[in-house]
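Data block below; observations after.
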Amino acid sequence: MAVRLPFAGLTLAQQLVRFTQRRLSNASAISKGHTCRGDARSFVTSLAKRSQNEEEGESVSSSQLSARRALLSRRRRSLSPLERISGLLPQDALGPDVTQLRDQDQEGPAQVSDVREPGWDDAERSHQSEASEDQGPSDPSPEEGRPQTLPGETLLQFGELLVAEHRRKRQVEFRKMFQLQPAGRLLSNWGVILHDDVVGQAAGRFLKTSRGVSILVRRSSLEDYVLYMKRGPNIAYPKDAATMLVMMDVTEGDRVLESGSGSGAMSLFLSRAVGSRGSVLSVELRDDHHRVAIKNYNRWRASWRLRRGEEWPDNVHFAQADLCSASTLLAGQGFNAAALDLSNPHLALPVVTPRLHPGAVCAVYLANITQVIDLLEGLRCLDLPLLCERIIEVPVRDWLVAAALQKDGAFCSRKSPLPEDERRDGGDAPDEDHEEGTASGSQPAFGSVPYIARPHPQQKGHTAFLVRLRKIAH
Ligand SMILES: C[S@@+](CC[C@H](N)C(=O)[O-])C[C@H]1O[C@@H](n2cnc3c(N)ncnc32)[C@H](O)[C@@H]1O
């Protein structure tokens, strides 16, 4: 041990001397302006060697080369320091991949700002979704090869009616219908979206506001449209309008009488139900309501034309008249059904009933039960061939059903009545795959997350009573 220590010390000293000499010689090379030349020379050499090999067809086939180019252009990554140095070297000394990388770098900052390493999308997406908790999912990349629209529909165009929607903590916090217009701005408490950035997008996509919040932008359904369009009087609510269509058994090709036109909501649902082979006569007492109904009808049709590239049927005739004295207007016409949403409908029944085909249904929309009683009392006195078959209300109860989350945003876990070790031994333990999935940090296993499920705290109240009257054949 006493002998070996000095020997070890000597070896160490020799190594230190050699190391210091190397450092000094490198330093002297740097001071003489030979910086990197050794590296550069070996780099050039390897490139030159490869270039020579390529000429000889030894190592890189042209298909491999183009595949590599394609890969490189897809990646669009920035140049490494080594690649930048290659920019200082003669062109003919460079391999094609290095040349291409250098060319990309010279295309300018717009390209460079789009530079992403492979896997960026996923990492960025997960980061964004964490950062924008409850602001909706980030925009998924379009599925390759899949059309971006519903069959028969186009990408979003100026003039279309759209709905913007923001949800937070399972509740809709913001919903707005708007018309896409050049230079328009969608304003909200969550920031601004320029209409120019929406046009040309696929419908039903999350777009970011100026504050980075995700807002769902989708096309307006007919239900959205009637709920958000400018109203004159109150509309027949979609749930009730849909039930009335069922009550009347309206079919494509039918001819239907409607009154009053009001804001035109029911007219639109009827228009869709009877289709291009059918028609609707919509009678409205008030001139202002008559004009509102026509305007709303035409606005929807215009948006439809843009969206589908085809006409919405022009099948509603709006007439301004008092239905109670519209015998002349209705003369000679027969209807498969009638939808009445006006005050004192029993006063209009003597005019309407003769025009209904035998077996046809007259569906009546009434807000108050006392109006239903007036209707029945009117029927009793009028001696019309009408049978009251049904009086209903259409309750729609919204529910909140969602996976339970902890305060930190992680999923809660279902509590087992068995201790953990017993669960592992068998019993109702999740299967191996699921346990693996949970342990590896992926989504919790199926069935392992508890749900909250209860009626939504905000419910729509009463809207209407619907009465089905059927014309009896003699
Ligand atoms: C509640 S609104 C109808 C709303 C319509 N169903 C909708 O979905 O937009 C009732 C309408 O009936 C009209 N009205 C009332 N009495 C009428 C009558 N005798 N003849 C025609 N229209 C009448 C009113 O002017 C009013 O516009």
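What follows draws every value from the coordinates through simple rules; no lab data is involved. Just so it is clear, the model here is predicted, and its values are computed rather than measured. Every residue, glycine as well, gets a Cβ built from its backbone with ideal geometry; the counts of neighbours run over all protein chains shown.
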Open item on the list: Report the Cα-based extents of segment 275-372 along its three principal axes, largest first, to the nearest Å.
Closed with: 43, 28, 26
TODO: Please list, in chain and number order, the residues 5+ apart from residue 321 or on another chain whose amide H is under 5 Å from its amide H, with Hs placed from the backbone.
DONE: 284, 285
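By the gyration tensor of its Cα atoms, with a ≥ b ≥ c the square roots of the eigenvalues, what is the shape of segment 246-321: rounded for a/c under 1.5, prolate for a/b over b/c, or oblate? Walk me through the intermediate numbers first.
Values: a/c = 2.15, a/b = 1.12, b/c = 1.91.
It is oblate, given that a/c is not under 1.5 and a/b is not larger than b/c.
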- [ ] Take the Cα atoms of segment 344-411, find their three principal axes, and give me the spread along each one in whole Å, biggest first.
- [x] 68, 26, 16
Task: 3J(HN,Hα) from dihedral phi, segment 316-327, Karplus parametrisation 6.51/-1.76/1.60, rounded to Hz, x for glycine, proline - done: 10, 9, 8, 10, 9, 6, 8, 4, 5, 10, 9, 4
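For segment 198-321, what relative contact order do you get, as a whole percent, if you take Cα pairs closer than 8 Å and at least 6 residues apart?
On the way: 184 pairs, mean separation 26.5, N = 124.
Rounded, it is 21 percent for segment 198-321.
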- [ ] Express the C-alpha Rg of segment 232-272 as a ratio against the empirical globular expectation 2.2 N^0.38 Å, rounded to two decimals.
- [x] 1.10
- [ ] For residue 211 and residue 377, compute 0.36 nm times the residue count separating them, minus their Cα-Cα distance, and round to one decimal in nm.
- [x] 53.8 nm
- [ ] Multiply the residue gap between residue 291 and residue 388 by 0.36 nm, knock off their C-alpha separation, and tell me the result in nm, one decimal place.
- [x] 31.6 nm
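Gain in length, residue 397 to residue 176, computed as 0.36 nm per residue apart minus the alpha-carbon separation, to one decimal in nm?
Details: separation 221, 0.36 × 221 = 79.56 nm, distance 2.24 nm.
Residue separation times 0.36 nm, minus the Cα-Cα distance, leaves 77.3 nm.
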Open item on the list: Using the Cα atoms of segment 277-332, I'd like the radius of gyration and the largest Cα-Cα distance, Dmax, both in angstrom.
Closed with: 13.5, 40
TODO: Grab the eigenvalues of the alpha-carbon gyration tensor for segment 172-256, scale each by 5, take roots, and send me the semi-axes largest first in whole angstrom.
DONE: 33, 14, 12
TODO: Taking 7 Å along the Cα-to-C-beta vector as the label spot, tell me the residue 311-residue 223 distance in nanometres, rounded to one decimal.
DONE: 3.0 nm
Open item on the list: Please list, in order along segment 259-266, the HN-Hα scalar couplings obtained from phi with the Karplus expression 6.51 cos²θ - 1.76 cosθ + 1.60 (θ = phi - 60°), rounded to whole Hz, x for Gly and Pro.
Closed with: 6, x, 5, x, 9, x, 5, 5
